[in-house]
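Step one of this worksheet: look at the structure below.
The values are calculated or read from the model by the stated rules, or taken from the named source; none is laboratory data. The model shown is predicted, which means the values in this text are computed figures rather than measured ones. Cβ sites come from the backbone with ideal geometry, for glycine too, and all protein chains shown count toward neighbours.
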Amino acid sequence: AHVKNPPPAIDGNALVSMCLSRAGIDRMFGVVGIPVTSLANRAQALGVRFIAFHNEQSAGYAASAYGYLTARPGVLLTVSGPGCVHGLAGLSNSAANAWPMILISGSSDQSLTGRGDFQELDQIAAVKPFSKFSAKATDITEIPKSVFSVVDWAVAGRPGGTYLDLPTDVLHQTVDESEAERLIAEALKSRDKALIEKPRIDNSKIKKAVELLRSAQRPLIVFGKGAAYAKSDNELTKLVESTGIPFLPTPMGKGLISDKHELAATAARSLAIGKCDVALIVGARLNWLLHFGEPPKWSKDVKFIIVDVCEEELELRKPFLGILGDATKVVGMIHKEIKDDPFCLGKTHPWVEAVRNKGKDNVAKMEVQLSKVVVPFNFLTPMKIIRDAILGVGSPAPVVVSEGANTMDVGRSVLVQTEPRTRLDAGTWGTMGVGLGYCIAAAVASPDRLVVAVEGDSGFGFSAMEVETLVRYQLPVVVIVFNNGGVYGGDRRNPDEITGPYKDDPAPTSFVPGAAYHVLIEAFGGKGYLAGTPDELKSALAESFSARKPAVINVTIDPYAGAESGRLQHKN
Ligand code: ADP
């Protein structure tokens with residue numbers, strides 16, 4: 001007779017992977033090393049796609065954007081100490097943008113705490129300012145509950161970052177298989193339902209919102225990346241089209257309703273926000289990006305109706321009417337309430353006409369600028385060529401990743417978004433260096449879409465080594481670098497300022513002129529292009545877009561074409 005082998009023991013690494021997989025996590029980003037290499041291997045064996053980066057900062061940005069694009073927490077796996085600290089970049093970016101992500105870090109042996117163990121750090125204290133919730137599994141039996149809690153907390157209420165701490169000794173403890181299953185079942189049963197439930201929506205507030213919109217002379221609907229995250233595209237489209245109210249997306253709200261829609265107020269932004277009397281704000285904060293909702297950009301009498309899933313946000317802004325709830329549900333309820341007694345401004349309504357005419361005027365003016373072919377390139381000439389190439393791709397539209405000072409500013413007004421969640425940029429925090437991480441997240445989240453990054457040479461440089469990651473996973477990402485030789489471009493110092501013993505050093509804003517960024521990706525087997533003329537750029541775009549393989553297009557820009565700090569000069 002056979003002697004049965006005992007079932008294999010499950011160690012902490014395997015148990016964490018099992019729990020993540022049960023919680024529906026099927027993608028992870030990170031950098032492996034002691035003590036988490038085995039965790040990544042186990043997760044991969046369980047069907048989780050692990051994308052291995054060079055740098056935790058970039059992997060963290062990827063995890064945060066993945067959370068936004070999929071509405072499921074993006075996971076960043078790091079080693080202890082310095083790995084965790086590098087990961088704080090991604091965690092803080094998630095907090096600032098209200099995107100769900102989980103930072104999972106290994107940590108040093110608990111029995112050696114305080115004695116200077118390898119990569120020792122009080123990581124729970126380090127993550128505190130940037131996380132909504134953190135858990136430390138101090139024993140293998142605590143793993144399942146800790147994993148499910150960080151997953152649930154990341155998406156609860158206003159999404160954000162959470163942290164899971166896994167000490168080395170816990171990762172090496174073992175339980176047998178039946179005990180592992182029992183712990184998982186128990187943790188699943190005790191999951192906090194309150195975290196998963198959405199707030200109940202106050203119907204009297206829906207009625208009030210409809211009254212306000214109905215009686216407004218100059219209503220406006222503004223939506224942001226909270227509405228994009230909530231996938232409110234259909235509900236917003238129905239509301240806008242049935243009422244005829246002009247709409248204004250924030251930069252990442254662009255595409256929820258196509259930028260080409262006739263009620264888009266994007267090109268008439270100043271007029272729209274300056275003159276509207278009732279503004280329905282859906283999933284967007286009245287922060288710096290929306291001028292705090294205050295004069296002189298907004299009229300002092302504007303009545304704000306704010307729809308947000310976060311109660312503190314409503315308390316902070318003190319709008320005329322605050323509606324707590326999920327954007328999609330609230331907008332759907334508003335639409336339904338209106339349907340019983342419909343109203344529509346119509347094309348000839350003076351407000352609609354004013355916004356449309358102003359928009360047309362501005363677009364025409366911009367087109368005049370865009371149609372001038374300037375070589376050496378300014379920002380507009382290549383941006384128009386890129387805009388047309390992106391539009392030429394059709395549906396599914398590419399995801400556009402944008403960062404840089406001038407490159408992002410010009411890109412925001414020139415590039416056109418026709419589909420939801422197809423724009424990722426420096427965001428609420430103005431984070432530079434997000435480009436490559438966001439590209440990788442977008443390619444992993446939406447495998448059917450081409451990803452096109454349009455970024456400055458400075459933004460690209462933060463994580464340029466991740467072009468190797470693009471090549472390794474063969475992701476359909478084309479990175480277009482606007483190369484003007486520095487942060488903001490050429491040396492803009494006043495000659496009187498250039499004194500002192502280091503006056504012969506390059507300006508703090510400059511890089512090596514004519515850097516061959518396109519050669520960088522070729523070192524790994526990707527495709528590089530150098531483009532200094534319209535024809536060179538058009539042919540590089542046509543070839544790389546149809547190849548859908550990793551490529552870098554190095555676009556030579558006149559170093560003196562841009563402005564310092566882009567459009568935020570007053571802040572520098
Ligand atoms: P933008 O930068 O596009 O203006 P913000 O990031 O400032 O957008 O604002 C997004 C807002 O959306 C946040 O206040 C967040 O709490 C909110 N939000 C997130 N998810 C939802 C949701 N499902 N429904 C409604 N609001 C949401």
Problem set entry | Selection count, segment 58-83, where residues are hydroxyl-bearing (Ser, Thr, Tyr) and under 19 Å from Asp448 (Cβ atoms) | 3
Problem set entry | Any chance Asp165 is more than 20 Å from the chain's Cα centre (by Cα), assigned to a strand (DSSP E or B) and either of a type in the set (Asp, Glu) or buried (at least 18 other Cβ atoms within 10 Å of the Cβ) (or both) | yes
Exercise. Which one of these is in contact (Cβ under 8 Å) with a residue 60 or more places away in the chain, among the aliphatic types (A, V, I, L, M), in contact with a helix residue (DSSP H, G or I) (Cβ under 6 Å, 6 or more places away or on another chain) and more than 16 Å from the ligand (Cβ to nearest atom): Val170, Val151?
Worked result: Val170
Problem set entry | Qualifying positions in segment 268-308 - in a loop (DSSP other than H, G, I, E, B), buried (at least 18 other Cβ atoms within 10 Å of the Cβ) and away from the ligand (no atom under 15 Å from the Cβ) | Cys276, Val302
Exercise. Which of (1) modelled with pLDDT of 90 or more; (2) at positive phi; (3) within 28 Å of the chain's Cα centre (by Cα) does Tyr488 not meet, given it meets every other one?
Worked result: (1)
For this session: For segment 338-387, name all the residues that are assigned to a helix (DSSP H, G or I), over 32 Å from the mean Cα position of the chain (by Cα) and either at positive phi or among the polar types (S, T, N, Q) (or both).
Result: Asn357
Problem set entry | Flag for Ala264 being within 12 Å of the ligand (Cβ to nearest atom) and either at pLDDT below 95 or of a type in the set (Gly, Ala, Ser) (or both) | no
Exercise. Does segment 309-331 hold any residues that are surrounded by fewer than 17 Cβ atoms within 10 Å (Cβ to Cβ) and within 9 Å of the ligand (Cβ to nearest atom), and which are they?
Worked result: Glu312
Exercise. Which one is farthest from Asn55 (Cα to Cα), of the residues in segment 427-473 that are part of a loop (DSSP other than H, G, I, E, B) and of a type in the set (Phe, Trp, Tyr)?
Worked result: Trp429
Exercise. Is it true that Met383 is at pLDDT 95 or above and either touching a His at 6+ places or on another chain (Cβ under 7 Å) or under 18 Å from Gly562 (Cα atoms) (or both)?
Worked result: yes
Exercise. Among the residues of segment 270-293, which ones are among the charged types (D, E, K, R) and within 26 Å of Leu69 (Cα to Cα)?
Worked result: Arg285
Problem set entry | Members of segment 399-426 that are in contact (Cβ under 8 Å) with a residue 60 or more places away in the chain and part of a loop (DSSP other than H, G, I, E, B) | Gly404, Ala405, Val416, Gln417, Thr418, Glu419, Pro420, Arg421, Thr422
Problem set entry | Where Pro396 falls short, out of the listed (1) farther than 23 Å from Val363 by Cβ; (2) within 16 Å of the ligand (Cβ to nearest atom); (3) at pLDDT 95 or above | (2)
Exercise. Condition test on Val352, is it closer than 22 Å to Ser215 by Cα, more than 15 Å from the ligand (Cβ to nearest atom) and buried (at least 17 other Cβ atoms within 10 Å of the Cβ)?
Worked result: yes
